[in-house]
Every structure is written in structure tokens, then in C-alpha cells.
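Nothing in this text is a laboratory measurement; each read-out follows from the coordinates by a stated rule. Here the structure is a predicted model, which is why all the values come from computation and not from measurement. Using ideal geometry, Cβ is built from the backbone for each residue, glycine included, and neighbour counts are taken over all protein chains shown.
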Amino acid sequence: MKIGVLGAGAYGTAMASVLRENRHTVKFYDPARHPNVSLDEVLDWAEIIFFATPASVVRILLKEFPDTAFRKPALIATKGIMDLSVWEKFNYFELISGPGFADEIQKQRRTKLTVAAKGALGGTTLSEDLLETSYLKFDKTEDLQGVAILSGLKNVFAIESGRRGLENISKEFKEYLARAYRECEQVLLDNGGFIETARLSAGLGDLALTCGSTKSRNYQFGMILSGHNGLLEREDNLRKNHQSLPRKRAVKISRKTALKDARRFLTENTVEGIFAAKEIKNDNITIPKTAEILTDILKRINRITK
């Protein structure tokens, strides 16, 4: 099959390598990395469209789509767009989410993702056909709304986990994860999702991975927001020298400097939790009053991004 991959960043490149391994042909659209390839060229050529772009550019990008492109199947790995009407322009689409960092997929580490699609439980999905390998597997659901919600929420929770400086082997992290999981269930119930979806890879699996790793830019942003901006560089240096990481965090800097650093980080990095917070602010998702972690971090994010 001919797959047009929109977005040639780390995740798009990793998934393209899997597609090629499965003997499919890939063409990228990414103005920054492939400036000589136009969107029209990719859309005309492709039989299937694969979204790996930041959530913030999707609506702008879709305005450039000809009507013929919406008749082609779309596989959507973009995280954080919780309003399904954005994707319902396509005759058929599948959402891909779950715990898989790009570098882990590139190294062919065992990974399990979730695919959500209409009729997914009645047969094999397109994502399974195109992407499954000995190391990449899927669980599946027909709960498109639930997977869309979880793909955004886990990034918001990761910001708060980073802000608290939680370590994924600590008692505090396990307690935080349990509370975040319960809040995810509450949000699913209040927004038409299935509570069972929270148990899939796109739910608990992705939540645990994203909230417990400094590889996550959302977690990194949370650390910077709290004043732990010296930690990331220190950890990188220690890893390069094959030294173990210290248990104690770096000394925090002033709140004013932390906010300045956080805003600079946003100009240089894609932090999908910020986009998810904007989706929630625009009333695309209802947050129950009992979801105390979400309510608190959303207020913090809104103050920063005014």
C-alpha cells in the first residue's frame, strides 16, 4: 500500500519504518524536513493517510485537503484532539494511541498500542493489517470517543507528574497514578466514553508511561514549570557518562524564572498536554468537579498560556 505520512518527526519516522518493514511504500509531507514535497503531491499519491502531526496544526492542515482526500482511509496517531468532529470529515478513520515512545519503536522494543475504529471488534482493523509486527501489537475498541479523550488527558496528567517531580518507582507515583486513573474513568463516563477503555493500552498503559518518564515532553514541561529546569541537562550528562541518576532532585529556581523557562520551552517544543488543555477550555470535554488533579493543573496551565 502507498501511505502518505503527514509529519516526519520522531513518531512519524518511527511508524514509517514499521510500514516499510511490512513492505508498504511511504511518502512524507513535512514542510520543515521535506520542503520539496507538497501536500497535494502526497495526498494525490497516497492510498491511505497517516497523521503524525502535532495536534495544533491539524485543523489548519485539513483546510488544505481536497474533497477527494477525505474519501481515503485515515490512520490518526496525532494525540490530544478530543473533538471527534475534526476527524469525521473522513469516510473512514482509525485512532491509534498507547504507550510507545518513538525511539523504543525504532529499536523494535515490544510495544502494545490501542486502535479505535467503527466495527473494530468484528474483524481486523486497517492499523493491524498495516502495522503489526513481532514487536508491535494492538488491542482494540470501538470507543473512538474514549480513546480520543485519553490521548489528551494522559499528557495533562504527565505535566502535573513532572511538576511534582514524581519518580515512577516511588510510592507517591503509584498513589498519583491510581488517582489519575480514577479521574480518567470519571471523565470517560461524563463524556460518552466507555469506562472499560481506561484499562486498555491507550488508558492505564499510556498514562503510566507518560507520567513516569523524563522522555515525555509533557513531563519535562512540568519539571520546568516547578523550577526543576536544571535536572534534564544533569540527567543527560549522567546518562552519557553511564552514571546512575541521583534520587534527590536539583535545587529549585525562582517562580519567575521557572515561568520564563516554561514559556520558552513551549516555543521550542511540542507539548500536547497544552493543546489538550485548550480543547478542554473550549468546552469540548466536560471535567467533573471530583477530578481534583485535573482541575488544579488545568488552572495552572491556563494561567501560563494566557
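Under the rule of at least 5 residues apart or a separate chain, name every residue whose amide H is placed under 5 Å from the amide H of residue 29. Placed amide hydrogens put 5, 6, 7 under 5 Å from residue 29. Among 106, 32, 69, whose Cα lies farthest out toward the positive end of the dipole of the stretch 2-142, if unit charges sit on the beta carbon of Lys, Arg (+1) and Asp, Glu (-1)? Of 106, 32, 69, it is 106. Computed from point charges on the beta carbon alone (+1 for Lys and Arg, -1 for Asp and Glu), the dipole magnitude for the chain about its Cα centre is near 1520 Debye. Think of the chain as having a plus end and a minus end, set by charges on the Cβ of Lys, Arg, Asp and Glu; of 91, 225, 149, 225 sits farthest toward the positive end of this dipole. The stretch between residue 199 and residue 40, if pulled fully straight at 0.36 nm per residue, gains 53.3 nm over its current Cα-Cα span.
For the chain, the antiparallel share of DSSP beta bridges with both residues in that region comes to about 10%. Stretching residue 121 away from residue 27 to a fully extended chain increases their span by 30.8 nm, per 0.36 nm per residue minus the current alpha-carbon distance.
Looking at the stretch 2-142, what % of the alpha carbon pairs are farther apart than 19 Å? Percentage above 19 Å: 47.
Loop-located GluC sites (Glu not before Pro) in the stretch 66-118 (DSSP state other than H, G, I, E, B) with a sparse environment of at most 15 neighbouring Cβ atoms within 10 Å: 88.
Applied to the stretch 166-180, the Karplus parametrisation 6.51 cos²θ - 1.76 cosθ + 1.60 on θ = phi - 60° returns per-residue 3J(HN,Hα) values of 6, 9, 6, 10, 8, 4, 4, 5, 4, 5, 4, 4, 4, 5, 5 Hz, with x for Gly and Pro.
Note the full-extension length gain between residue 83 and residue 268 as 0.36 nm times their separation in residues minus their Cα-Cα distance, in nm to one decimal.
Taking residue 83 through residue 268 to full extension adds about 64.0 nm, to one decimal.
Put simply, the Cα atoms of the chain extend 54, 44, 39 Å along their principal axes, the longest span coming first.
By the compact-protein rule of thumb, 2.2 N^0.38 Å, the alpha-carbon radius of gyration of the stretch 67-143 corresponds to a ratio of 1.13.
Spin-label model, residue 281 to residue 300: label points 7 Å out along the Cα-to-beta-carbon direction sit 1.6 nm apart.
Counting only helical runs of four or more DSSP H residues, what would the 222 nm mean residue ellipticity of the chain come to if each run contributes -39,500 (n - 2.57) and the total is spread over all its residues?
-14000 deg cm²/dmol
Loop-resident trypsin sites (Lys or Arg not before Pro) (DSSP state other than H, G, I, E or B) in the stretch 48-136 with no more than 14 further Cβ atoms inside 10 Å of their Cβ: 63, 89, 107, 109, 110, 118. Working note: Karplus 6.51/-1.76/1.60 with θ = phi - 60° gives the stretch 93-98 the couplings 8, 10, 9, 10, 8, x Hz, where Gly and Pro are set to x. Under 17 Å from a point placed 7 Å out from the Cα of residue 112 along the Cα-to-Cβ direction: which residues of the stretch 135-173 have their backbone N that close? It comes to 135-142, nothing else.
Go through 174/289; 107/289; 2/107; 72/107 and tell me which ones have a Cα-Cα distance over 32 Å in this structure. In this structure, 107/289 exceed 32 Å between Cα atoms.
In the stretch 27-93, taking the dipole from charged Cβ atoms about the Cα centre, the farthest positive-side position among 43, 60, 81 is held by 81.
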